[in-house]
Amino acid sequence: DTAVSQTPKYLVTQMGNDKSIKCEQNLGHDTMYWYKQDSKKFLKIMFSYNNKELIINETVPNRFSPKSPDKAHLNLHINSLELGDSAVYFCASRQADYEQYFGPGTRLTVT
Amino acid sequence: GDSVTQMEGPVTLSEEAFLTINCTYTATGYPSLFWYVQYPGEGLQLLLKATKADDKGSNKGFEATYRKETTSFHLEKGSVQVSDSAVYFCALSSSGFQKLVFGTGTRLLVSP
């Protein structure tokens, strides 16, 4: 059983396009996150939702818009893609004070 | 703000060698500390954690002890295997909604 899943796994697109990445967790967790991992493997929080409410927004350009239709889903929409958006995006989820569980990642390449 | 500092990699070892990856942190309050591992082409997996001072986290032969006096959480393993080759991330969580603050990661390469 996949705990945290992301689609697509790979995404190649051109500058200026708009794309979405989807995340679903079947763990019943209340809180979900998006992290960005750059080419040097550095990981940084982007957003967090708790029960569909945005609780963390870490100075991410407003071209990035998270959406949480329900507690089990957190999607990431990116407008007007730029070369610098190329990275691996990880979704994660957490319940209460327990550890975060990560998805397999989505490798976004902008050409 | 909160931050985590890890030793630069890559760390290159022969199989059965002893491993230490240093990690120190800066945080307000009393953070929880974690080690995550990322195998090639995969996502992050929690390796071990410690939630209060002097706690020792352990898993798969890896250990780390939460040292409040030195603000450290060094990862150790007595005998590494080729299959341990991966990138290891030290992280802390101290805010109310528990966002993770990661170190830069340390790549471990184990040769037969």
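Using the Cα centre of chain A as origin and beta-carbon charges of +1 (Lys, Arg) and -1 (Asp, Glu), tell me which of A:Ala72, A:Asn50, A:Thr7 is placed farthest towards the positive end of the dipole. Towards the positive end, the residue furthest out is A:Thr7. The label point for A:Lys22 and the one for B:Ser3, both projected 7 Å from the Cα toward the Cβ, are 4.0 nm apart. Extension gain, A:Val12 to A:Asp70, is 18.1 nm, computed as 0.36 nm per intervening residue step minus the present C-alpha separation. Where both bridge residues fall in chain B, DSSP classifies roughly 90% of the beta bridges as antiparallel. Shown in residue order for the stretch A:46-55 are the 3J(HN,Hα) couplings computed by the Karplus curve 6.51 cos²θ - 1.76 cosθ + 1.60 at θ = phi - 60°: 10, 9, 9, 10, 10, 6, 6, 10, 5, 10 Hz (x for Gly and Pro). Amide hydrogen proximity for A:Ile55: with H placed 1.01 Å from N in the peptide plane, the residues at 5 or more positions away or on another chain lying under 5 Å are A:Ser48, A:Tyr49, A:Asn50.
Which of the GluC sites (Glu not before Pro) found in the stretch B:1-72 are in a DSSP loop and have at most 15 neighbouring Cβ atoms, other than their own, within 10 Å?
Values: sites: B:Glu8, B:Glu15, B:Glu16, B:Glu42, B:Glu63, B:Glu69; in loops: B:Glu8, B:Glu15, B:Glu16, B:Glu42, B:Glu69.
Sites meeting the loop and neighbour criteria: B:Glu8, B:Glu15, B:Glu16, B:Glu42, B:Glu69.
In a simple Cβ point-charge model (Lys, Arg +1; Asp, Glu -1; nothing else charged), the protein assembly as shown has a dipole of about 360 debye relative to its Cα centre. For chain B, the relative contact order comes to 37 percent (Cα pairs under 8 Å, sequence separation of at least 6). Where nothing but the Cβ of Lys and Arg (+1) and of Asp and Glu (-1) is charged, how large is the charge dipole of the stretch B:36-112 around its Cα centre, in debye to the nearest 20? That gives the stretch B:36-112 a dipole magnitude of about 140 debye. Between the amide H of A:Ser86 and those of A:Val110, distances stay under 5 Å, these residues lying 5 or more places away or on another chain, with hydrogens modeled in the peptide plane. For the stretch A:57-104, applying the loop criterion from DSSP together with a ceiling of 16 other beta carbons within 10 Å to the GluC sites (Glu not before Pro) yields A:Glu58, A:Glu82.
When the Cα atoms of chain B are aligned to their principal axes, the ranges along those axes come out at 43, 28, 22 Å in descending order.
Quick one: pull the percentage of alpha-carbon pairs in the protein assembly as shown with a separation above 24 Å. Roughly 44 percent, rounded to a whole number. Once the mean of 1/r is taken over each pair of separate Cα atoms and inverted, the stretch A:65-111 shows a Kirkwood hydrodynamic radius of 12.4 Å.
In order along the stretch B:77-90, the Karplus-derived 3J(HN,Hα) couplings, from 6.51 cos²θ - 1.76 cosθ + 1.60 at θ = phi - 60°, round to 8, x, 8, 7, 10, 4, 5, 7, 4, 4, 9, 10, 10, 8 Hz, and Gly and Pro are given as x.
Every number in this text was worked out from the coordinates using simple rules, so none of it is lab data. Just so we're clear, the structure is a prediction, and the values are computed from it rather than from any experiment. Neighbour counts are summed over all protein chains in view; Cβ atoms, including those assigned to glycine, are modelled from backbone coordinates with ideal geometry.
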